1. Given the peptides 81-88, 144-151, arrange them by the average over their residues of other C-beta atoms within 10 Å, most packed first.
2. Quick one: net charge of residue 62's neighbours, Cβ under 13 Å, K/R +1, D/E -1?
3. Ignoring ligands, DNA and RNA, what percent of the 1.4 Å accessible area of the chain is carbon and sulfur?
4. What order, most packed first, do the peptides 2-10, 33-41 have when packing is the mean number of other Cβ atoms within 10 Å of each residue?
5. Give me the 1.4 Å probe accessible area per residue for the stretch 1-115, excluding ligands and nucleic acids, in Å².
6. What are the radius of gyration and Dmax of the stretch 43-87, computed over its Cα atoms and given in Å?
7. Cα atoms only, the stretch 2-222: Rg and Dmax in Å?
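The values are calculated or read from the model by the stated rules, or taken from the named source; none is laboratory data. Everything quoted here is computed from the prediction, not taken from an experiment. So basically every Cβ, Gly included, is an ideal-geometry build from the backbone, and we count neighbours across all protein chains shown. Please note that ligands, DNA and RNA were not included when accessible areas were found on the heavy atoms of the full protein model with its side chains. Shrake-Rupley method; radii C 1.70, N 1.55, O 1.52, S 1.80 Å.
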Amino acid sequence: MQLAPSLLTADFTRLGAEVEAAFEAGIRWLHLDVMDGRFVPNLSFGPLVIRALQPIAQHYGAILDAHLMIVEPERYLADFVAAGCDYLTIHAEATPHTHRAVQTIHELGAKAGVALNPGTPLGTLEALLPDLDLALIMTVNPGFGGQRLIHNCLAKVAQLDAWRTQQSRSDLLIQVDGGVNAQTIADVQRAGADLAVVGSALYQPNQTVTEALTMLRTALASG
Ligand code: DX5
Ligand code: ZN
């Protein structure tokens, strides 16, 4: 299972260095939490910040994955692709036109993901799955880093993993986001996730990125 840093609790006075530290420690996937203050009760950053980080990601050959916690995401898809995003993940709850948004993401040349909040049933994805590159199962209610993982969301991960095996869709990536840390990461992997977003477990004032990654990787290996 691959770790995908989320920057929400990183030191924003030295964001480039924080990202570089993760890449230097072998990370090759960056999870960018975009928030509009409407879909979630918080504001974060937009294409401008992603464009600034893109050259660093490119240097390391890392994937930029934008988690769009915004209403009507179709308004900004082109801007995030232009900023350098490889994956765009919209929320199923953020627009009635999820299928059209997925089509647009593909037309723009990026990979398409759809995210489900903890209260949204897995069945919501059914009609979209044939067209999806990634499914993001939220294990916290979106808007903030540092929350506790909601364990029963992992049942959706296991169901999705079984579905993709049954449908021979091993190409579909399953990403888990929220509350992943040394105590929960083995459960996340056991449920079948390919990607685990790590925010506050990675970026904390009292430890280096390398120390944090060592703890997470050890927990993963002994899980
Ligand atoms: C929450 C975001 C998550 C969050 C992860 O709305 O989508 O990516 O920042 O942070 P942790 O790992 O601290 O839960
Ligand atoms: Zn996220």
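1. Going by the mean number of other Cβ atoms within 10 Å, highest first, we get 81-88, 144-151.
2. -3
3. The computed percentage sits at 52.
4. 2-10, 33-41
5. 42 Å²
6. 10.5, 32
7. So, for the stretch 2-222, Rg and Dmax equal 16.0, 47 Å respectively.
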